[in-house]
1. Ordered by packing density, taken as the mean number of other Cβ atoms within 10 Å over each peptide's residues, highest first, how do 65-71, 95-101 rank?
2. Residue separation times 0.36 nm, minus the C-alpha to C-alpha distance between residue 15 and residue 154: what's the value?
3. Express the C-alpha Rg of the range 145-197 as a ratio against the empirical globular expectation 2.2 N^0.38 Å, rounded to two decimals.
4. Given the Cα-Cα distance of residue 193 and residue 70 and 0.36 nm per residue of separation, how much length would full extension add, in nm?
5. Fewest to most neighbouring Cβ within 10 Å: what's the order for 147, 14?
6. Within a 10 angstrom radius of the beta carbon, how do 93, 150 rank from fewest other beta carbons to most?
7. What FRET efficiency would be calculated for the residue pair residue 24, residue 95, taking the C-beta separation as r and a Förster radius of 45 Å, to the nearest 0.05?
8. Restricting to the range 10-102, compute how many DSSP beta bridges are antiparallel as a %, nearest 5.
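Just so it is clear, none of the values below were taken in a lab; they were calculated from the coordinates. Since the structure is predicted, the reported quantities are computational estimates derived from the model, not experimental observations. Every residue, glycine as well, gets a Cβ built from its backbone with ideal geometry; the counts of neighbours run over all protein chains shown.
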């Protein structure tokens, strides 16, 4: 792991104010203190700007593989702005490294284990089919359902208030049996049952 950026070319530029040696050294120390093993820093620039009592610090890192990471912060003084900007840069470097590691991690579909193919005869079936005809349907649960006369709006309200998948009612407007149900897209649909059925 890279513990320090040795012999890193750092350019400190100050606009609208004279640069002091202490401020220059503070900027250099913050940038050299960014000690992550990826991305490897090739060159760094710190731009310090003062505009009408606004202290703005900007750090730009030129890294290997054509990666550029930059951040800027406005603070109450230049030292606080530099500290906050260095923290932002460190977070962005960690985020970039995490994204890179996620890309190199194998995906689930690439790590699926395949089972050997096996063939079974009819003796292995739980329910061997005795005949080729379709099986007879059977009723799992018998339910009593009272058909009431109501309007479509009342039927929709009842459907929303119950767990049932549909509501069967006699339409008060048309005097026929109607089934109203909720479709997969969330809308409602109705089916009229003819009187002669």
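1. Working: 65-71: 13.4, 95-101: 11.9.
Those peptides, ordered most packed to least, come out 65-71, 95-101.
2. Working: separation 139, 0.36 × 139 = 50.04 nm, distance 7.24 nm.
Difference between extended and current length: 42.8 nm.
3. On the way: Rg = 10.7 Å, N = 53, 2.2 N^0.38 = 9.9 Å.
My calculation over the Cα atoms of the range 145-197 gives 1.07.
4. On the way: separation 123, 0.36 × 123 = 44.28 nm, distance 6.86 nm.
Roughly 37.4 nm would be gained on extension.
5. Values: 147 11, 14 17.
Taking fewest neighbouring Cβ atoms as first place, the list is 147, 14.
6. Listing 93, 150 from fewest to most nearby Cβ atoms yields 150, 93.
7. Details: r = 28 Å, r/R0 = 0.63.
The pair residue 24/residue 95 has a calculated efficiency of 0.95.
8. On the way: 19 of 25 bridges.
Of all bridge pairs located within the range 10-102, approximately 75 percent are antiparallel.
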